[in-house]
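Scroll down for the structure; my scribbles are underneath it.
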Amino acid sequence: MTHNNPEVPNKKSFKETLNLPTTDFPIRSNPSKEDPILLQRWHEENLSYKTFIHNAEKEKYILHDGPPYANGHIHLGHAYNKILKDIITKSQRMTGKHVPVTPGWDCHGLPIELKVVKEFPELAAEQIKKQCRLYATKWINIQKEEFKKLGVLMNWDQPYLTMDYSYEAEIVRAFGSFYKQGFIEKKNKTVAWCMHDQTVLATAEIEYKERKDPSIYVRFSLEPINVKRLLPTCLDKKVSVLVWTTTPWTLPLNRAVMLRPNTVYDVLEIDDEYIIVARDLSENICSLKDVPKKIATSINSDILATTTLQHPFIKDLTVPLILDHSVSLEDGTAAVHCAPGCGPQDYEVGRKHNLEIYSPITPDGKYTQDIEPEELSGMSVTDGQIWVIKKLAENGSLFFKTSLRHSYPHCWRCHEGLIFRATNQWFCSLMHDDVRERALLALEKVTFLPEKSKNYLKATLENRLEWCLSRQRIWGVPIPALLCSTCNFVHTSDELIEKVAQGIEKEGVEYWDTVSLNDLGLNDLHCNQCKEKTLTKEKDILDVWFDSGVSHYAVLATNPALQFPANIYCEGIDQHRGWFQSSLLTSLVLEKEACTKAFLTHGFTVDERGQKMSKSIGNVVSPDEIIARLGTDGLRLWASSIDYGGDAVISETLLKNVGQIVQKIRNTCRFLLANIYDFDFEKDSVILEELLTIDQYALEELYEVSSSIRYNYMINDFTAVAHELSDYCTVKLSSLYLDIIKDRLYTDKADGLKRRSAQTACWIILDTLTKLMAPILSFTAEQISDHYQKNKSESIHLQNFSALDSIWCFLQKRSEANRWQFTPLHLHTNVQKSVDAISEISAVSLRKKQWELLLKIRSACNKAIEIQREQGLIKHSLEVSITFYCQLAEEQQALFESFVRDLNETNQSLAEFMKEFLIVSQVTQQVDSTGLQETELKGLYVHAEHAQGTKCPRCWQWEVTDDVDGLCKRCQEIVK
Ligand SMILES: [Zn+2]
Ligand SMILES: [Zn+2]
Ligand SMILES: [Zn+2]
């Protein structure tokens, strides 16, 4: 602090007598160096385990971690998810709850199996499983380190893995409970099938994409005898019902033609034949061929349906015409090709009308030898598509051929088009025991964040009738059952299931590959149905959604350190059809209760144009890139600032903004740190009643901000927390309170009451603020607390939010004295009420109103000073002398006078207060408005001019003084 001061003859330096701020907390962080050091320290302190057992005797709060798939490096979506979970659990823990978090990984399933099979094509099933375990373990370890790097604290050394032997055994037991309760059935059903991955797909695994397909119109002819019976005798040419399809390869599997009930069908005369289509569509058909519409006659579908039709190319096959309301009059011909073995709706119709569920298709999409015509045997259905069209053209059954683009189901893994085929599968009925209805009912009692997300989960449940549980793969949990290879009869029992569970508990799912039927304890190896001794072990495995879906049963309900149900599940929006749904349904079967009290749903990570990040677009941003640029806390602040009700946007502007906020918060904390270097809270702090009034105001404001931020943590509104932290630091602290108290901190007597008063406020603000930011800015908060907490014995993440009880008590006393009433936050029964209480306090608190008025006065005075500055009369506000007169409007004047009374009670003069509050050298209160100008605040009259005397070389305040060094009175006392 060197300066030229021409008014003072003797340029003596008083720098060493000032209390200049000092701290070794760096202005800029160096995250690439510091974050790894802190991570290493947390590791050595075993912090993740400590957070798991912390507050063990207190109320439990359970966030149940949805398991990511153990395959590949984590991407930004994973990071966003885990950071949100970490903010939730850290903030809950800091309210004093016991918050044990067990991370999980989803390990079974196709992607891992495919990678392993590709690498080791020769291995037997049991060996493939061993390799899958190794593969999953490798990625779990990689992902674990990547999650730790984000500052996420979970019990990393004891995660739950769906491939743990104990977990695998619990999956089998969960299946056993489903079986015992009558939910499970094995039956032949037409299911969505990927011929590339050779497995059935769950509804959740199907994605719809545009695709070009042939669109053909095929003649199914009426036999002459039926033409005679149903139609006028004058019709002398060939008569056909016109059937429309976009999947020609399924025509060999045709077993009926469906018509719309009680609907008029026209018999059109086209060239030398008659074609039957629904009246509503006859116009379209004629325009296809570009011929005039000539209606020979018409017939009601109810009558037409009494006949049969000749299959276009299978000799001797006639198929029935059946009536069904699903037939639409929107497109095609309203005569619908029905193949119950290769269409899910056709399957339902086939069951209703007792049609053959004919599906001679191999798992890799070829016709089997059961196919008719024989020449198709062994041919792939893709080639079958061409064969059928050619055949129809040859034998004159093809009426018209074109192509169309339409939305078609595709496999979510390999993105190839699906087929449908009838297979023998294990099903869980969702109608049994009203489980779907109970799930829908349970949703009404669960909290959804955001609220609208309830509808997503509802929608995925509403149309689901059953859940196909079996997969024809290797890497998964076996379905514990025996099949009869003679008659296909299925055998299982509670005893068998428990026996298998026990074996798997010891040896993993590999147990099933090696155990013999004798070892399973089966004395009688005969089939119950055909009595043959031809039992074999079921080869199907369970859907992986069942594996992860029962985690509430295998983890929460069995681990005494945890608890069922969870308080919260937090996952991306796609999990409504995935893990949220499977968890909810299985919990209602296994525990008869919803698995959680709340579902938090967040969006996908997208770029600034709203496009989902994908490798093919090239807009992927990795968590590492953001960490390299903004530090881990920058990434964490970004995650908290996103409104999880929408997409998680990454844009240049947003990242810049995040970087600035982190720096601003850091600067504010650094200022606080630098001014308490000689302050020991235990020894030097001043009791609240004796603090200077302005310091009291600062703490009252802190109390309010702290209550609001804590409330927003509890309702999981992290966007609000991030904004409040930033606003509090920049608006309320840096540019106001801290600016005002600078002079007192730097120039007052180091251990005098006035400076200690400011330091007390600074310390409490820093302590409260550091803890409030810790769930989000986890690295910065730990580093700050290292600096200000003397004899710090435990991580900030094991500390509670500051209670600020003393401030509350103080506020209460003040309000009692002033007969203002409010209720302490902790006496309120729920959070919403306490927020009402905050606003009630805000509305009625005298102190708050006083403070608001003072800020108005300050702003009005600053305008007067600004005019002086503009005229070049002053440079710094400390050169100013203010004279004022105050006769405000009635209520304001009463507030002002009550404030002056409060001041006098603590032995402070109004002039002293105003000097500091306005950051000027002299303040005089006048008894009238003579010579003053009225300000923007009605009734406040002010005159600003250059202060008299000289500038004190130590504190720069102006005063009339006869000191030889030019020191002001205050500085004389301190220095001499
Ligand atoms: Zn596929
Ligand atoms: Zn049998
Ligand atoms: Zn001075």
*Using only the alpha carbons of the chain, determine the length spanned along each of the three principal axes and report them from longest to shortest in whole angstroms.*
131, 74, 50
*How much length is gained if the chain between ARG901 and LEU855 is pulled fully straight, taking 0.36 nm per residue apart and subtracting their Cα-Cα distance, in nm to one decimal?*
14.8 nm
*Using θ = phi - 60° and the Karplus form 6.51 cos²θ - 1.76 cosθ + 1.60, what ³J(HN,Hα) does each residue of segment 531-537 get, whole Hz, x for Gly and Pro?*
6, 6, 9, 10, 7, 10, 7
*Selection from HIS415, LEU430, GLY508, by position along the positive dipole direction of segment 394-537 (Cβ)*: HIS415
*Sorted by mean Cβ packing within 10 Å, highest first, what order do the peptides 674-682, 561-569, 615-623 take?*
561-569, 674-682, 615-623
*Please state the charge dipole magnitude for segment 573-688, taken about the Cα centre, from unit charges on C-beta atoms (+1 on K and R, -1 on D and E), reported in debye and rounded to the nearest 20.*
300
*Solvent-free Debye scattering, log10 I(q)/I(0), computed from the Cα coordinates of segment 184-270 at q = 0.18, 0.22 Å⁻¹*: -1.02, -1.29
*With θ set to phi - 60°, apply the Karplus curve 6.51 cos²θ - 1.76 cosθ + 1.60 along segment 222-238 and write out the HN-Hα couplings as whole Hz, x wherever there is a Gly or Pro.*
8, 6, x, 5, 6, 4, 4, 5, 9, 10, x, 5, 5, 6, 10, 10, 4
*In terms of modelled amide H atoms, which long-range or inter-chain residues lie less than 5 Å from the amide H of THR297?*
VAL267
*With the full set of protein chains in place, find how many percent of the accessible area of segment 130-202 is carbon and sulfur; take the probe as 1.4 Å.*
50
_Report for the chain the percent antiparallel among DSSP-assigned beta bridges with both residues inside it, nearest 5._
75
*Express in Å², to the nearest 10, the accessible area of SER380 obtained by rolling a 1.4 Å probe over the protein heavy atoms while all chains stay in place.*
30
*Using a 1.4 Å probe and counting only protein heavy atoms, arrange ARG351, ARG28, ARG577, ARG710 so the residue with the most accessible area comes first.*
ARG28, ARG351, ARG577, ARG710
*How would you rank 627-636, 890-899, highest first, on the average number of other Cβ atoms within 10 Å across their residues?*
627-636, 890-899
*asked:* From the phi angles alone, apply the Karplus equation (6.51, -1.76, 1.60; θ = phi - 60°) to segment 718-732 and give each ³J(HN,Hα) in whole Hz, x where the residue is Gly or Pro.
replied: 6, 4, 5, 4, 4, 5, 5, 4, 5, 4, 4, 5, 7, 7, 7
*Give the accessible surface of the chain per residue, rounded to a whole number of Å², with probe radius 1.4 Å and ligands, DNA and RNA excluded.*
43
*Interchain or long-range residues, amide H under 5 Å from ALA648's placed H*: GLY603, PHE604, THR605, VAL606
*Report, by chain and number, residues whose modeled amide H sits under 5 Å from the one on TYR160, excluding near sequence neighbours (fewer than 5 apart, same chain).*
GLY104, TRP105
*By per-residue mean of other Cβ atoms within 10 Å, what is the highest-first order of 519-525, 728-734, 958-964, 419-425?*
419-425, 728-734, 958-964, 519-525
*By how many nm would the segment from ASN30 to LEU873 grow when fully extended, if each residue of separation counts as 0.36 nm and the alpha-carbon distance is taken off?*
299.1 nm
*How many angstrom separate the Cα center of segment 897-915 from the Cα center of segment 169-201?*
78
*Rounded to a whole number, what % of the accessible area of segment 573-676 do carbon and sulfur atoms account for, probe 1.4 Å?*
52
*Largest first, how would HIS43, HIS415, HIS98 line up by accessible area (1.4 Å probe)?*
HIS43, HIS415, HIS98
_Using the alpha carbons of segment 412-528, what is the convex hull volume per residue in cubic angstrom, as a whole number?_
201
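The values are calculated or read from the model by the stated rules, or taken from the named source; none is laboratory data. Owing to the predicted nature of the structure, the values given are computational and were not obtained by experimental measurement. Counting neighbours? That spans all protein chains shown, and the Cβs are built from the backbone with ideal geometry, glycine included. Areas reflect the complete protein model, heavy atoms only, side chains present, ligands, DNA and RNA absent. Shrake-Rupley method; radii C 1.70, N 1.55, O 1.52, S 1.80 Å.
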